[in-house]
1. Could you please find all residues in region 1-54 being of a type in the set (S, T, N, Q), free of Cβ contacts under 8 Å to residues at least 24 places away in the same chain and open to solvent by 50 Å² or more (accessible area, probe 1.4 Å)?
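The values are calculated or read from the model by the stated rules, or taken from the named source; none is laboratory data. Remember, it's a predicted structure, so these values are computed and weren't measured experimentally. Using ideal geometry, Cβ is built from the backbone for each residue, glycine included, and neighbour counts are taken over all protein chains shown. When the accessible area is computed, the model is the full protein with side chains, heavy atoms only, and any ligands, DNA or RNA have been set aside. Shrake-Rupley method; radii C 1.70, N 1.55, O 1.52, S 1.80 Å.
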Amino acid sequence: MSKIIKEELVVDSSAIQYAVYYPLIDTLFVLFTNGHAYDYLDVPRYVWEGLRASPSAGTFINKILKAHNFKFRKL
């Protein structure tokens, strides 16, 4: 049986360049267009799916990840 290790998303956004979700550890990596990168921790799969479905990745990050105080680490 194989498991998905990571899922990638390249977005057309002025704020977000790239995102990767690691479902085995519930971690969301986000690379911003300004060069800053963060790991958001304990992110449920439904949040990742919301980001993928969102018409604006930057707005989604601000409204969901930041507003719900997900723990993060700057890389």
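1. Kept after step one, since they are of a type in the set (S, T, N, Q), are these residues of region 1-54: 2, 13-14, 17, 27, 33-34, 54.
From what is left, the residues that are free of Cβ contacts under 8 Å to residues at least 24 places away in the same chain are 2, 17, 27, 33-34, 54.
Within region 1-54, SER2, GLN17, THR33, ASN34 qualify.
Let's see how each residue does on (1) modelled with pLDDT under 95; (2) touching a helix residue (DSSP H, G or I) at 6+ places or on another chain (Cβ under 6 Å); (3) not aliphatic (A, V, I, L, M):
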{"residue": "ILE4", "(1), (2), (3)": "yes, no, no"}
{"residue": "VAL10", "(1), (2), (3)": "yes, no, no"}
{"residue": "ILE16", "(1), (2), (3)": "yes, yes, no"}
{"residue": "ASP26", "(1), (2), (3)": "no, no, yes"}
{"residue": "SER54", "(1), (2), (3)": "yes, yes, yes"}
{"residue": "GLY58", "(1), (2), (3)": "yes, no, yes"}
{"residue": "ASN62", "(1), (2), (3)": "yes, no, yes"}
{"residue": "LYS66", "(1), (2), (3)": "yes, no, yes"}
